[in-house]
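Heads up: the structure comes next, in structure tokens.
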Amino acid sequence: MHTELREKHEIYDYLRHSKKFPVMWCAGCGIGIVLGAIIRAIDRMGLDRDRVAMVSGIGCTGRMPVYVDFNTMHTTHGRALAFATGLKLARPDMYVLVVMGDGDALAIGGNHFIHAARRNMDLTAIVVNNNIYGMTGGQYSPTTPLHMRATTAPYGNIEPPFPLCELAKAAGASFVARSTVYHATELDRLIEQAIARRGFSVVEAVSYCHTTYGRLNRLGAAVDMMRWLKENSVTLAQAEKMSPEERETKIVRGILLDREGPGYVDLYDEIIRQAKAAENG
Amino acid sequence: MTAQFMQGNTACAEGALVAGCRFFAGYPITPSSEIAEILSYRLPALGGKFIQMEDEIASLAAVIGASVGGMKAMTATSGPGFSLMQENIGYAAMTEIPCVIVNVQRTGPSTGLPTSPAQGDVMQSRWGTHGDHPIIVLSPSSVMETFRLTVTAFNFSEKYRTPVILLMDEVVAHMREKVDLPAPEQVEVVDRIQTNVPPEWYFPYEETASDVPPLVSFGQGFRYHITGLFHDVRGFPTERLDEIQPWLKRVFAKINNNLSDILMYEEEDTRGARTVVLAYGSTARSARHAVRLARARRHKAGFCKLLTIWPFPEEAVERLAHTAKRIVVPEMNLGQLALEVERVAGRHKVRRVNRADGEMITPQQILEAIEG
Ligand SMILES: Cc1ncc(C[n+]2csc(CCOP(=O)(O)OP(=O)(O)O)c2C)c(N)n1
Ligand code: SF4
């Protein structure tokens, strides 16, 4: 009944009001929806916000932390996961969320991404995939689909895109999920599960950049791109009924991997225990 | 403690532990790897943490992250890795997060001579990252000094909220000497300034009398923002000149107003000397020997060893240049710190002794410069 009002209040409650608003994102951008989903997830989990850190790299997505009332850190391009690794090891009691754009996570930060997954580092990585470098003006990224245009791919992109979730799964993550900014409440439920999981968890939030990618590829305004996400994404259950060819053309939403087990922090705690025992023995 | 026979890299690791270092992230590289190896073994027993990252960029990033989490943190590398760290050194300077970066210099450029010494990173340690920024760089010339300066590097980084670079060289790192390390409780250890105000009054970048604002770790209820963008006193990005200019002024003031604490150098027989040999790092060993040989031959020679190379001890060099006729600057590079000495003393007073081929400068070479 009053859920909408309550929700508005919740989000308001988590924003920093000493920071000069409005946000730097273009009107209609999907990044704010991801921020909303993160806040709802954290609020629902009832996490102590003193124990929540949000770390980002550089890009439009990288600007997310400044607006929220957590322990926030806007680092260097591509390196957010590495900064977050140090923070998590120093403060294992904290929930460390890392928000990145697709270029941030998979181009300049690709090495850190696969190694954070391989180590099963206890971090929650949320990648806002808008298939482009938004902040620098629409250059192609490692997730730009084939043949699509970018300001540095005026003849169309000839580089095959990285499947972000497949990469995370193969590299060793504990939890991998995907949804879109159209499916905002689904997104917050996935983020909630990702935060709860030990080890490295990844949520791909498929978004759009209407001002660069959308304009260059004549995909319409924000609402049109939103509609496209709605019409071209399917749940895992729906995807299973599809032929592989048909599935290829869809954005598959849901939990793509969920495995329990110790994360890096648990394993290192064991090393500390052993080293101390050896010292005393 | 009893006397021990110890390598420079071991002394560095031991100094770090005594200084309170509890986090190390690094990537293997000769001639620094022993530091990582020792700390990977020692840290967990102390409740600390070691991690081998995927590269040096990630290593320094993790170090800064750990420092934000409240752990004293360090990384160690050599030329190629030091080059990779530059962007994040600037980040640490901009965000004023304490951290220690050990660079055991080897001969460059590029892969160069991986197992040979050099002092080729003097300018890179000062200006390697883009943009104007304050930095402190210390350079030890012996195993004992390595221990001592590693502790000092941590103390300075905590006290002044700045990255500190310990510029070692391969000779000092791999040389073994007898050392008598002090008992840990006899070593002065400085921790970052804490705040005594409630979270709502805490500004991580506020102007303070000492120019160094208190630094509260993440997770303690203060929930502030850190960014590599120019920022206001709260840490929020700004493009306002009235917020950028005070920041610039303050971060340089916090170093420049404390030079008497930060600048460390040692003099021997410089009073009345006609020729002063000014050196740092392992070259200082040859330099002191050369000065003693020269004095035995009745030359009025003196010796000055710099332990702090950045900020450059201008006043000390100015004073030496005032009394001495000539300043000899031996370095294992083609003339880097000599540029500073020339700037202060005048080019005509400075005689450079250089080599950058992986060999140490001999006392004989320096003696020739004193006599020539
Ligand atoms: C080392 C470095 N290289 C390049 C840049 C310039 N740069 C800023 S943001 C960005 C790309 C952003 O794209 P993405 O990560 O996909 O995030 P988005 O802006 O789309 O959210 C680049 C290349 C930088 N800041 N640092
Ligand atoms: S440039 Fe694109 S990604 Fe960046 S804020 Fe605008 S719409 Fe969003």
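Odds and ends about this structure:
- Of all residues making up the stretch B:317-333, the number that are open to solvent by 10 Å² or more (accessible area, probe 1.4 Å) and either assigned to a strand (DSSP E or B) or in contact (Cβ under 8 Å) with a residue 40 or more places away in the chain (or both): 3
- Subset of the stretch A:42-59 [more than 9 Å from chain B (Cβ to nearest Cβ), buried (at least 24 other Cβ atoms within 10 Å of the Cβ) and under 24 Å from A:ALA90 (Cα atoms)]: A:ILE42, A:MET54, A:SER56, A:GLY57
For (1) away from ligand 1 (no atom under 16 Å from the Cβ); (2) open to solvent by less than 10 Å² (accessible area, probe 1.4 Å); (3) modelled with pLDDT of 95 or more; (4) aliphatic (A, V, I, L, M), each residue gets a yes or a no:
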site: A:PRO161; (1), (2), (3), (4): no, no, yes, no
site: A:ALA168; (1), (2), (3), (4): yes, yes, yes, yes
site: A:GLY172; (1), (2), (3), (4): yes, no, yes, no
site: A:VAL176; (1), (2), (3), (4): yes, yes, yes, yes
site: A:VAL181; (1), (2), (3), (4): no, yes, yes, yes
site: A:ALA184; (1), (2), (3), (4): yes, no, yes, yes
site: A:ASP188; (1), (2), (3), (4): yes, yes, yes, no
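- Looking across the stretch A:248-258 at every residue that is of a type in the set (D, E, K, R) and at pLDDT 95 or above, the one that is nearest to B:GLY47 (Cα to Cα) is identified as A:ASP258.
- In the stretch A:88-107, residue most open to solvent (accessible area, probe 1.4 Å) [restricted to those that are facing chain B (nearest Cβ under 8 Å), of a type outside the set (Lys, Arg) and without any contact (Cβ under 8 Å) to a residue 60 or more places away in the chain]: A:ASP93
- Where A:GLY32 falls short, out of the listed (1) surrounded by fewer than 24 Cβ atoms within 10 Å (Cβ to Cβ); (2) at the interface with chain B (Cβ under 8 Å from one of its Cβ atoms): (2)
- Residue in the stretch A:191-206 that is on the phi > 0 side of the Ramachandran plot and under 21 Å from the mean Cα position of the chain (by Cα) present: yes
- Flag if A:GLY32 is free of Cβ contacts under 8 Å to residues at least 12 places away in the same chain and either away from ligand 1 (no atom under 16 Å from the Cβ) or over 19 Å from the mean Cα position of the chain (by Cα) (or both): no
- Check on A:VAL66, within 10 Å of chain B (Cβ to nearest Cβ), more than 25 Å from A:ASP269 (Cβ to Cβ) and not polar (S, T, N, Q): yes
- Residue list for the stretch A:205-233, filter: touching a Ser or Thr at 6+ places or on another chain (Cβ under 9 Å) and more than 11 Å from ligand 2 (Cβ to nearest atom): A:ALA205, A:VAL206, A:LEU216, A:MET226, A:LEU229, A:LYS230, A:ASN232, A:SER233
- Listed by first and then second residue, the pairs with beta-carbon distance under 7 Å, at least 6 apart or on different chains, first residue in the stretch B:11-30 and open to solvent by 20 Å² or more (accessible area, probe 1.4 Å), second among the aromatic types (Phe, Trp, Tyr), are B:GLU14/B:PHE147; B:GLY20/B:PHE154.
- Here is the figure for the stretch B:352-372: residues that are in contact (Cβ under 8 Å) with a residue 24 or more places away in the chain and more than 19 Å from B:CYS304 (Cα to Cα) total 4.
- Looking only at the stretch B:44-100, residues that are closer than 22 Å to A:ILE271 by Cα, touching a strand residue (DSSP E or B) at 6+ places or on another chain (Cβ under 7 Å) and charged (D, E, K, R) come to 2 in all.
- B:LEU293 vs. criteria among the hydrophobic types (A, V, I, L, M, F, W, C) and surrounded by fewer than 21 Cβ atoms within 10 Å (Cβ to Cβ): yes
- Exactly one residue out of A:VAL234, A:VAL265 is within 14 Å of chain B (Cβ to nearest Cβ) and either open to solvent by less than 50 Å² (accessible area, probe 1.4 Å) or at positive phi (or both): that is A:VAL265.
- Taking the criterion of being within 16 Å of ligand 1 (Cβ to nearest atom), open to solvent by less than 40 Å² (accessible area, probe 1.4 Å) and closer than 19 Å to B:PHE236 by Cα, the only residue of the stretch A:9-29 that qualifies is A:TRP25.
- Helices (runs of 4 or more DSSP H) wholly inside the stretch A:211-264 that include at least 3 residues being more than 15 Å from A:VAL181 (Cα to Cα): A:236-240, A:244-248
- One residue stands out among those in the stretch A:139-159 that are surrounded by 24 or more Cβ atoms within 10 Å (Cβ to Cβ) and assigned to a loop (DSSP other than H, G, I, E, B): the one that is nearest to ligand 2 (Cβ to nearest atom), which is A:SER141.
- Qualifying residue in the stretch B:174-183 (condition: of a type in the set (A, V, I, L, M) and farther than 30 Å from B:GLU359 by Cα): yes
Conditions tested, residue by residue: (1) away from ligand 2 (no atom under 16 Å from the Cβ); (2) surrounded by fewer than 23 Cβ atoms within 10 Å (Cβ to Cβ).
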{"residue": "A:THR61", "(1), (2)": "no, no"}
{"residue": "A:ASP69", "(1), (2)": "yes, yes"}
{"residue": "A:THR76", "(1), (2)": "yes, no"}
{"residue": "A:ALA82", "(1), (2)": "yes, no"}
{"residue": "A:GLY86", "(1), (2)": "yes, no"}
{"residue": "A:ILE114", "(1), (2)": "yes, yes"}
{"residue": "A:LEU123", "(1), (2)": "yes, no"}
{"residue": "A:ILE126", "(1), (2)": "no, no"}
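- Qualifying residue in the stretch B:142-153 (condition: under 18 Å from B:ASN256 (Cα atoms) and of a type in the set (Lys, Arg)): no
The values are calculated or read from the model by the stated rules, or taken from the named source; none is laboratory data. These numbers come from a predicted model, not from an experiment. Cβ coordinates were reconstructed from backbone atoms using ideal geometry, including for glycine residues, and neighbour counts include every protein chain displayed. Side chains are part of the model used for accessible areas, which takes the heavy atoms of the whole protein and leaves out ligands, DNA and RNA. Shrake-Rupley method; radii C 1.70, N 1.55, O 1.52, S 1.80 Å.
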